[in-house]
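Scroll down for the structure; my scribbles are underneath it.
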Amino acid sequence: MVGLADLLVSAGLTRERLEECRRISGSSGEPLDKVILSKEYLEEGKLLQAYASHLGYAYLPRLDGFQVPALFVSRIPVQFTRNYNLIALNANDEGCLRVATCSPVDPQPMDDLAALLGAEIEPVLAPRSEITTLIARAYRHKADGVDEALADVAEDGDIQGLASKIEEAEDVLDVSNKAPIIKLVNTILFQGLKLRASDVHFHPYPERTQVRFRIDGILYDMDSVPRKAHEAIISRVKVMGKMDIAERRLPQDGRATIKIGDGEVDVRISSVPTTNGERIVMRLLDKSAKIYTLEEIGLSAKNMAMMRDYVTWNHGIILVTGPTGSGKTTTLYGAMAEIDTTQLNVLTIEDPVEYSLPGISQVQVNVKKGLTFAGGLRSFLRQDPDVMMVGEIRDLETAEVAIRAALTGHLVFSTVHTNDAPSTITRMVDQGVEPYLVASSLILVIAQRLVRTICPHCKTTGPITDEWLAKLKKIDLKPEQLDGQISYGVGCDECFHSGYSGRTAIYEFMPVDEALRTQIMEGTTATQIKRSAIERGMITLRMDGQEKILLRQTTPDEVLRVTQLDMG
């Protein structure tokens, strides 16, 4: 039988590094697998495969199709599953419960789990990100303790005095021995994270405070909190964000980091005074969330090939455009993940740094200290870079530095806020950039939107009614292209009865070719640029949306919702 050391070496770990990790493991008592991962000497997938071969376990790289048994969700507290990264998948042929773990050499949690369930357990190995995603999916409909926390708030007389001090990064799972208001806010945040919410709103009304979550781009009303607790919630959130509790008449911004188990979530907090009291919106950025690859973000085969070609260029600007929350950063990160960081020096300046990218140096904007996009980009030019990403081109100064970088032999990625790819050209010229500089530096413009995908749990296919026909006509689709049948979600508990779960992107790729360069120099309008690009084969946002409907991934409603301004 092949030993573990040989399996790790064949997976890509050198003998020297293996010995170094063994020494650290021996002196610190930390398991060898954790040491190797913390040193980033081996990818998690390769490490788990080596351990799976050694221990005779199965290795599952994806956990997409698994449903967690109801027995597991009802008996095992979410804190336990989160802390130990364990989740049950299903029973095997012998009746053993298969449980996914990413800690192959820690038997203690498995033994505890077997005792709690009163069942025999068969471990399987899976990546941490897959396990945490499945945990969130399994537990999202379980009572979250919000009602219980609200009851505690109602019983506690001294609501105002409860916005007490906060640790550096508070674990929202830890609600034991906390003051009721802290417990309530932590519980609401945890519920938001479980439901994949990107934003949590505390919206004051005269008689209540409404908690709302933005999930897949749509706002949903969740719990209501008694009006008397509003001030205490606001004070508590302000303490978290290191904001001024006494200032209630001016808008404020703050930042906090919260922990969920051993993962960290960045929270951007904004408060504005309204006639009913202060309103708070918290933007959640889960640093441990997985980075999507180009295969997972909805690119067609043609667009994928184009993207892979352009990320190998050694100079020029690639711009991704779309409104806030349209997935621009995710697309950029997917493109950056394609770059070989062992051979190229890659630097990014972002506001804020949303996810950690291995092998890439990431810098966060800090306007108070004088670190702006333009200033950071200027400093990057002295860091011997090959590829740079600047979070957003907001002004002429940033645009000029990005163009100078592109013209001096660097590949630059960035984002802008425009409605479609052609209007990006005219926006840059309007900002004051000379047309000849735009024409000579820009190599690719990508516009994108996010559409919700049909919920797999309640997806159905039915005949095309007159109502569907009218919508299909607006998108230029004929019923025969869909074989007379349309797919949609009827709504179920899994998707809040919306019929949608998750999102994918629709794209408009516009390469800057010779014809387009000439048009830029001549000052052609965005409408003319668009018409000409379509004649040369450009797929518009709406056309890409048509393709997603034909593939039965989304509905005409979604494509119409996000492409109102795209009539090309």
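The values are calculated or read from the model by the stated rules, or taken from the named source; none is laboratory data. For clarity, every value in this text was computed on a predicted model and none was experimentally measured. No Cβ is skipped: glycine too gets one built from the backbone with ideal geometry, and neighbour counts run over all protein chains shown. Just the protein is used for accessible areas: all its heavy atoms, side chains included, with ligands, DNA and RNA removed. Shrake-Rupley method; radii C 1.70, N 1.55, O 1.52, S 1.80 Å.
At-a-glance table
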| read-out | value |
| --- | --- |
| Under Karplus coefficients 6.51, -1.76 and 1.60, residue-wise ³J(HN,Hα) of region 525-540 in Hz, glycine/proline x | 6, 4, 5, 5, 4, 5, 4, 5, 5, 5, 4, 8, x, 6, 8, 7 |
| Solvent-accessible heavy-atom area per residue, rounded to whole Å², over region 380-438 at 1.4 Å | 40 Å² |
| Cβ-defined net charge surrounding VAL346, 10 Å radius [Lys, Arg +1; Asp, Glu -1] | -2 |
| Label-to-label distance, nm, for residues given as LYS242 and TYR220 (7 Å Cα→Cβ offset) | 3.4 nm |
| Cysteines, the chain, no other Cys beta-carbon under 4.7 Å | CYS21, CYS96, CYS102 |
| Placed amide H near LEU442: partners under 5 Å, 5+ positions off or other chain | ILE317 |
| Average accessible surface area per residue within region 327-369, 1.4 Å rolling probe, Å² | 47 Å² |
| For region 203-290: span of alpha carbons on each principal axis (Å, largest first) | 40, 28, 20 |
| Theoretical gain in end-to-end length, GLU19 to ASP476 [0.36 nm per residue, Cα-Cα removed] | 158.2 nm |
| For the chain: span of alpha carbons on each principal axis (Å, largest first) | 74, 69, 60 |
| Approximate spin-label separation GLN79-ASN345, in nm, with each point projected 7 Å along Cα-to-Cβ | 4.8 nm |
| Total formal charge among the other residues, if their Cβ is under 13 angstrom from that of LEU117, Lys/Arg +1 and Asp/Glu -1 | -2 |
| Solvent-accessible surface (1.4 angstrom probe) belonging to ASP493, in square angstrom, nearest 10 | 100 Å² |
| Cβ-placed point charges (K, R +1; D, E -1), dipole of the chain about Cα centre in debye, nearest 20 | 980 debye |
| Extended-chain gain in nm, criterion 0.36 nm per residue less alpha-carbon gap, ASP384 and ASP493 | 34.0 nm |
| Förster radius 41 Å - calculated FRET efficiency between ASP106 and ARG255 (Cβ-Cβ, nearest 0.05) | 0.75 |
| Positive-end residue of ALA119, GLN108, ALA88, charge dipole of region 70-140 with Cβ unit charges | ALA88 |
| Stokes-Einstein D in µm²/s, Kirkwood radius over Cα pairs - region 411-568 at 10 °C with 1.306 mPa s viscosity | 92 µm²/s |
| Karplus 3J(HN,Hα) series, Hz, for region 292-297 with 6.51 cos²θ - 1.76 cosθ + 1.60 (x for Gly, Pro) | 6, 8, 4, 5, 9, 9 |
| Surface share of carbon and sulfur [accessible, 1.4 angstrom probe, percent] for the chain | 50 percent |
| Backbone N under 19 Å from the VAL429 label point (7 Å along Cα→Cβ), restricted to region 498-520 | 510-520 |
| Residues whose placed amide H lies under 5 Å from that of GLU264, excluding near-sequence neighbours | LYS287, SER288 |
